[in-house]
1. Quick one: in segment A:136-164, which of the residues that are under 17 Å from residue A:231 (Cα atoms) and more than 7 Å from RNA strand B (Cβ to nearest atom) is surrounded by the most Cβ atoms within 10 Å (Cβ to Cβ)?
2. If I filter segment A:118-135 for residues that are within 8 Å of RNA strand B (Cβ to nearest atom), among the polar types (S, T, N, Q) and surrounded by fewer than 20 Cβ atoms within 10 Å (Cβ to Cβ), do I get at least one hit?
3. Which condition number in (1) buried (at least 19 other Cβ atoms within 10 Å of the Cβ); (2) more than 22 Å from residue A:479 (Cβ to Cβ) is the one that residue A:299 fails?
4. Report, ordered by the first and then the second residue, all pairs with beta carbons closer than 9 Å, sequence separation of six or more or different chains, a first member in segment A:255-274 that is in contact (Cβ under 8 Å) with a residue 12 or more places away in the chain and within 8 Å of RNA strand B (Cβ to nearest atom), and a second member that is in a loop (DSSP other than H, G, I, E, B) and among the charged types (D, E, K, R).
5. Tell me, yes or no, whether segment A:79-91 has at least one residue that is of a type in the set (Val, Ile, Thr) and not in a strand (DSSP E or B).
6. Kindly indicate whether residue A:363 is touching a residue at least 12 places away in the same chain (Cβ under 8 Å), surrounded by fewer than 17 Cβ atoms within 10 Å (Cβ to Cβ), touching a helix residue (DSSP H, G or I) at 6+ places or on another chain (Cβ under 8 Å) and part of a helix (DSSP H, G or I).
7. Look at residue A:474 and say whether it is in contact with a helix residue (DSSP H, G or I) (Cβ under 9 Å, 6 or more places away or on another chain), more than 18 Å from residue A:192 (Cβ to Cβ) and in a loop (DSSP other than H, G, I, E, B).
8. Across segment A:1-55, which residue is nearest to residue A:165 (Cα to Cα) among those that are modelled with pLDDT of 85 or more and of a type in the set (Val, Ile, Thr)?
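The values are calculated or read from the model by the stated rules, or taken from the named source; none is laboratory data. Quantities reported herein were computed from a predicted structural model and do not represent experimental measurements. Every residue, glycine among them, receives a Cβ derived from its backbone with ideal geometry; neighbour counts consider all protein chains shown.
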Amino acid sequence: MLTQQKLGISYDLFTHTDTENHHRIAQDFFMLLLDRGYLYKEAQKLLYSETEKRFLPDRYVEGECYICHYPEARGDQCDNCGNLLDATLLINPRSKANPTDRLVTRETEHYFLDLAQFTPALLEYLESHASHWRPNVTAFSRNFINEGLRGRPITRDIDWGIPVPLEGWEEKRLYVWFEAVMGYFTASVEWARNIGQPDAWKQWWYNPDAQIYNFIGKDNIPFHTVIWQAELMGVNGIYNDGDDTPLQLPYDVPANEFMNIEGKQFSKSRNWAIWLPDILERYQADAIRYYVAATLPESRDSDFSWEGFFTRVNNELVAAWGNLANRMLTFAYKRFDGKVPSYDALGEKEEAIIAKSEAAFDSVGNLLEEVSLLEALKTSFDLVREANAYLSEREPWKTIKDNPNDAARSVYAILRVIDNLKILLAPFLPFSAQKVHEYLGYEGQLFGDLNIVLYQESTRSHQGLVYDGSKAVGRWQKSNLQAGQALREPSPLFIKLDMSIVDLERSFLGAVRDEHEIVVGQ
RNA sequence: GCCGAUGUAGCUCAGCUGGCUAGAGCGUUCGACUCAUAAUCGAGAGGUCCUGUGUUCGAGUCACAGCAUCGGCACCA
């Protein structure tokens with residue numbers, strides 16, 4: 001949470017799934033689905049470890065492949081012949097953790113979510129959203145459904161997690177994926193209660209105008225486009241006192257592809273990773289945010305490289321936007337008596353560039369809504385470049401000598417464009433937006449505060465990251481910058497990076513980490 | 001193996017329902033400027049649009065086949 005706070009990622013409420021609230025609602029979901037006939041019971045055979053006294057998931061099992069007789073086949077798939085396997089058919093199955101352990105096949109009973117019942121409704125849901133979804137998400141989900149939905153077990157023989165609320169099922173728990181996605185719902189209920197308006201969550205879930213977006217990685221697509229929808233359809237009307245407004249389904253599930261590091265996949269265990277708490281000690285949050293946003297894997301996998309970080313931060317963020325803001329704020333502060341210049345009238349060029357920056361509120365706003373974040377960022381940066389080009393043409397540093405009014409007009413126009421850009425870029429660069437806001441002489445904070453709050457329930461407590469917007473003055477609105485407004489003394493928005501960071505950061509990749517030096521974020 | 005996505009300048013990526021003399025940013029070359037963190041501005045060079053076959057007056061865009069990368073394939077969260 002500390003890391004998210006430092007990065008400026010805001011949530012109305014970022015909470016846990018191990019709360020009483022979440023447990024209670026997840027159990028209510030389960031019972032309602034059961035009552036309505038969307039769950040069924042079935043016995044299945046699984047491998048059981050007599051020493052560990054528990055059933056082992058396939059991934060913890062190895063044995064001889066019953067197809068090609070490769071001796072090291074995994075429980076779910078054989079790496080030699082590539083076939084998907086049934087773990088209970090493995091020859092001489094053994095536990096990975098404990099190879100001498102004897103595994104036996106035992107029968108166990110579980111509840112299954114009967115996804116097949118939802119097939120027509122799910123397909124209809126998909127088709128009605130396909131036009132604004134990313135192609136991969138739609139195609140993948142459609143295919144997942146058309147392959148035929150099977151019942152999915154939603155309970156497990158484990159001793160941690162949410163208890164199954166039925167007599168005789170005390171030894172079993174709800175399957176994590178069945179209940180984890182409910183966090184979207186349960187968190188909103190918790191939030192409503194926390195702010196003292198227990199029904200406020202309905203403005204998301206029972207409001208046909210609300211649009212729910214779930215941001216995920218591509219590996220989680222079916223959970224967020226099929227299973228969660230089925231669960232929601234199944235509990236339609238829950239907690240709504242007989243009102244027949246339908247429970248809202250996600251409007252968009254903009255799954256991202258994967259971001260690699262220096263050409264290879266992230267791996268925590270091999271420390272092929274970037275530790276946010278670490279790099280937040282060394283770099284500005286906005287620099288990190290800029291690079292990640294600019295290389296976001298929106299439609300294909302992308303790569304986080306330190307050389308890329310270095311060049312994009314220096315040549316784009318610092319050189320284009322940071323420099324534009326700094327050069328004009330400094331110029332105005334030094335040459336116009338520390339004030340936003342006064343001018344008699346704006347010329348055509350000034351009107352044009354201001355109008356263009358104002359029009360961007362619509363275009364960038366729309367791009368953000370459709371989650372075209374790369375394009376949204378690019379659109380704002382195009383404007384930055386245009387502002388720089390305008391300055392080269394108008395040259396206020398020259399005109400100020402013999403035509404101060406002309407210079408004033410130019411500087412005013414660009415300050416106003418900068419004021420607009422501050423807001424247009426704020427979703428990406430909130431911290432530097434705040435700086436620009438202050439240098440321009442405004443009061444107050446653009447964004448509210450992110451607080452880490454301790455919540456007490458009857459038997460336990462948990463922390464939440466909570467956004468308090470009461471002090472926020474930032475709005476998605478055009479600038480109304482007043483001539484004569486007193487500026488504050490500016491300084492550069494961003495720190496220019498030294499080339500040495502590239503080799504330095506690369507040297508940390510894959511190296512042994514000294515755990516004592518880790519700044520733990522959460 | 002099956003399914004899906006992706007494959008376009010050195011790098012990162014746009015190109016929706018076929019009309020492109022294939023675009024942008026960065027890098028690179030040349031020139032200009034000096035208000036600014038040696039930042040900025042202008043001009044130029046740079047591409048058998050993964051491969052092959054086909055449909056079409058016309059294909060980066062459609063179809064089929066293949067190759068490569070990534071993900072999913074249901075008890076891993």
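1. By that ranking, first place goes to A:141.
2. No, because not a single residue in segment A:118-135 is within 8 Å of RNA strand B (Cβ to nearest atom), among the polar types (S, T, N, Q) and surrounded by fewer than 20 Cβ atoms within 10 Å (Cβ to Cβ).
3. The one condition residue A:299 does not meet is (1).
4. Matching pairs, first to second residue: A:257/A:298; A:257/A:300; A:257/A:301; A:258/A:301; A:260/A:301.
5. Taking segment A:79-91 and keeping what is of a type in the set (Val, Ile, Thr), we get A:88, A:91.
Subsequent filtering for residues that are not in a strand (DSSP E or B) retains A:88.
So far as segment A:79-91 goes, yes, one or more of its residues are of a type in the set (Val, Ile, Thr) and not in a strand (DSSP E or B).
6. Numbers: touching a residue at least 12 places away in the same chain (Cβ under 8 Å): yes; surrounded by fewer than 17 Cβ atoms within 10 Å (Cβ to Cβ): yes; touching a helix residue (DSSP H, G or I) at 6+ places or on another chain (Cβ under 8 Å): yes; part of a helix (DSSP H, G or I): yes.
So residue A:363 passes the test.
7. Details: in contact with a helix residue (DSSP H, G or I) (Cβ under 9 Å, 6 or more places away or on another chain): yes; more than 18 Å from residue A:192 (Cβ to Cβ): yes; in a loop (DSSP other than H, G, I, E, B): yes.
Yes: the conditions hold for residue A:474.
8. The extreme case among them is A:25.
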